[in-house]
Structures are given as C-alpha cells and as structure tokens.
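Working notes, structure below.
The values are calculated or read from the model by the stated rules, or taken from the named source; none is laboratory data. As the structure is a prediction and not an experimental result, all values here were calculated from the model. Methodologically, a virtual Cβ is constructed for each residue, glycine included, from the backbone with ideal geometry; neighbour enumeration extends over all protein chains shown. When the accessible area is computed, the model is the full protein with side chains, heavy atoms only, and any ligands, DNA or RNA have been set aside. Shrake-Rupley method; radii C 1.70, N 1.55, O 1.52, S 1.80 Å.
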Amino acid sequence: MTNHIQSLQQLAAQNDAEAQFELAEAYRTGNGVAENLAEALRWHRAAAELGHADAQNNLGAMYLAGMGADKDAAKAAHWYRKAAEQEHVQAQFNLAMRYLMGSGVEQSDEDAAHWLHAAAEQGDLVAISQLGTLYQLGRGVEQNFVAAADLHTIAAMEGDMAAIDCLNEYREDIEGAALNGSIVAALCLAKIYDRGLGVEIDPAQVYAWFRWLKLHGSHDDAPDELDEWESYVTVVTSEAEVERAKVLLEEMRKRADTMIDI
C-alpha cells in the first residue's frame with residue numbers, strides 16, 4: 001500500500017469527502033491498492049452521503065452494474081438524481097436514460113427530456129443527440145423536425161454516428177421545413193452537405209441551401225453563425241458550383257411552389 005493511499009485513508013476516516021472519493025476510485029480501479037469493489041462502494045457511499053456529486057454519480061453506476069453489491073436500479077436512480085440536482089452533467093444524462101427505459105423509476109419520456117435538456121445545455125454531445133431523437137419522434141416533447149435537425153447536426157458534426165443516421169431518416173422532413181422558410185433547417189442542410197453527414201460532400205448543395213435561407217428564410221431566430229457561414233460559402237464555392245447551385249435553387253422553388261399548391 002502506497003503512502004498516498006495511507007494518507008487518503010486517514011483523511012477519509014475524518015470525513016473528507018474528496019479523500020473518500022479518491023480512495024473509492026483507487027479501490028475500484030486497483031490503483032495503488034488491491035482492487036476491492038466492496039470497499040469502493042463503501043467509500044463512494046460515504047462521499048456521496050456528504051454530497052460529493054462525482055461520488056453520487058459513480059455510486060449510481062456501481063449499483064446499476066452490480067459492482068460491490070447486488071444490482072439495484074432504484075438505488076442507482078436515487079444517486080443519479082442526487083448528482084443531477086447538483087448539475088452533474090453525466091448524472092443528468094444517466095438519470096434521463098433511467099426515465100427513458102423505466103429502469104429504477106417509472107418510465108417517463110417527459111422526465112427523460114427534462115434531464116436531457118439539462119445535460120445538453122451543458123454541452124454533452126450524447127445528450128444533445130438523444131434529445132434530438134426525442135424531438136424527431138415526438139417523445140416527451142412536441143415533435144419538431146427543425147429542433148431535431150439542429151441538435152442532431154451539432155452532434156453529427158462532432159462525429160456522432162447515431163446522429164448522422166437519424167439525419168438520414170428524416171432528411172425529407174428537414175428539406176420540407178427549409179422550403180417552408182425555416183432558416184435553421186436550411187442551415188442544417190448546408191452543414192450536412194458541407195461535412196458529408198450521411199451524404200456526399202457537395203459544395204453546390206451547400207451554396208444552394210444557404211442562398212435559399214437568405215432569399216426565403218422567413219422564420220426561426222437567425223443563428224449568430226450566419227455571417228460566418230456567408231463568408232465561408234462565398235469563399236469556398238467555385239464559379240462552376242455556383243452555376244450548378246442556381247439549377248438546384250430553381251428546383252427548390254418548384255418544390256416549394258408544389259408544397260404551397262397542396
């Protein structure tokens with residue numbers, strides 16, 4: 001046993017929550033001391049009871065997986081909630097998944113959406129992607145393909161494959177929203193074709209959708225990044241691609257006219 005572990009044990013015995021947490025992690029991972037999941041659980045619980053958010057989240061994970069104790073989804077959800085209420089982003093996501101699956105809590109899409117919103121606002125990409133899926137499906141929130149596309153595009157641009165797959169599932173709905181004047185939907189399509197998110201990279205499509213939102217975008221709050229995107233699109237699009245984009249724009253107008261006629 002290392003001197004560091006001995007020091008942690010002394011501090012942990014004096015109700016030092018951070019020392020208890022570090023000692024629990026040492027026992028959980030076998031770092032500086034023999035791995036002992038029961039001791040890891042004991043010290044995580046001690047720190048969790050003192051309000052240590054990381055310990056609360058880890059304790060929830062240990063109960064969920066049955067590490068150091070029998071599996072107990074209700075106890076897992078209890079400790080995830082304790083940490084989530086302290087704005088622990090991973091715990092917020094974990095609690096959302098408990099509600100989504102009805103594991104340890106009564107199943108609730110609405111509560112799942114609430115905690116996914118909380119985690120997404122802190123920038124958790126998996127939460128952003130999952131929240132996008134709830135908007136796509138209308139689970140716990142009103143179905144909104146524009147909100148879904150906005151969230152899925154954020155996650156997809158960071159490499160989230162599930163988000164990319166989702167964008168492919170309802171791209172026609174995103175296009176329909178863009179043709180009906182959604183600035184956000186059109187910008188998402190520009191990003192999709194710029195980054196090749198489930199499609200071939202196509203600068204003409206990027207230019208066409210961006211020009212469409214500039215010409216026909218009639219609703220949604222204009223994102224702060226619009227000026228940056230306008231400069232980018234202007235610089236990177238060749239003359240040949242601009243000419244092809246003009247053809248695409250004409251096709252978009254015809255599709256939009258058809259939607260209005262219907």
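Here the 3J(HN,Hα) profile of segment 34-51, calculated from phi with Karplus coefficients 6.51, -1.76 and 1.60 at θ = phi - 60°, is 4, 4, 8, 5, 5, 5, 4, 5, 4, 6, 5, 5, 4, 5, 4, 5, 8, x Hz, Gly and Pro shown as x. Sorting the segments 75-85, 168-178 by their mean number of nearby beta carbons within 10 angstrom, highest to lowest, gives 75-85, 168-178.
Accessible area per residue for the chain is 50 Å², calculated with a 1.4 Å probe on protein heavy atoms, without ligands, DNA or RNA.
Note on the chain: Lys pairs 8 or more places apart or on different chains, Cα atoms under 21 Å apart, count 6. Anisotropy class assigned to the chain is prolate, per the alpha carbon gyration tensor with a/c at or over the 1.5 cut-off and a/b larger than b/c.
Full extension of the segment from residue 230 to residue 4, taken as 0.36 nm per residue of separation minus the current Cα-Cα distance, would add 75.8 nm. For the chain, adding -39500 (n - 2.57) for each run of n ≥ 4 DSSP H residues and dividing by the number of residues yields -23500 deg cm²/dmol at 222 nm. Estimated at 0.36 nm per residue, the fully extended path between residue 158 and residue 34 surpasses their Cα-Cα distance by 40.9 nm. Let's test the formula: R0 of 51 Å, r as the Cβ-Cβ distance of residue 218 and residue 108. What FRET efficiency results, to the nearest 0.05? With a Förster radius of 51 Å, E is 0.90.
Gain on full extension, evaluated as 0.36 nm per residue between residue 257 and residue 168 minus their Cα-Cα distance, stands at 29.6 nm. Note on segment 136-206 and segment 90-106: Cα centroid distance 26 Å, given to the nearest whole angstrom. Roughly what angle does helix 145-157 make with the longest principal axis of the chain, taking Cα atoms, 0 to 90 degrees, to the nearest 10? Compared with the principal axis, the helix lies near 70 degrees. For segment 123-245, with all protein chains in place and a probe radius of 1.4 Å, 46% of the accessible heavy-atom surface sits on carbon or sulfur.
Using the average count of surrounding beta-carbon atoms within 10 Å as a protection proxy, the listed peptides 5-11, 39-45 rank, highest first, as 39-45, 5-11. Compute the long axis of helix 53-65 from its Cα atoms, compare it with the longest principal axis of the Cα atoms of the chain, and write down the angle in degrees, 0 to 90, nearest 10. Taking Cα atoms only, the helix is inclined about 90 degrees. The C-alpha atoms of the chain define a longest principal axis, and helix 73-84 lies at about 70 degrees to it. Measuring nothing but how far apart in sequence close Cα pairs (under 8 Å, 6+ apart) lie, relative to its length, segment 111-256 scores a relative contact order of 17 percent.
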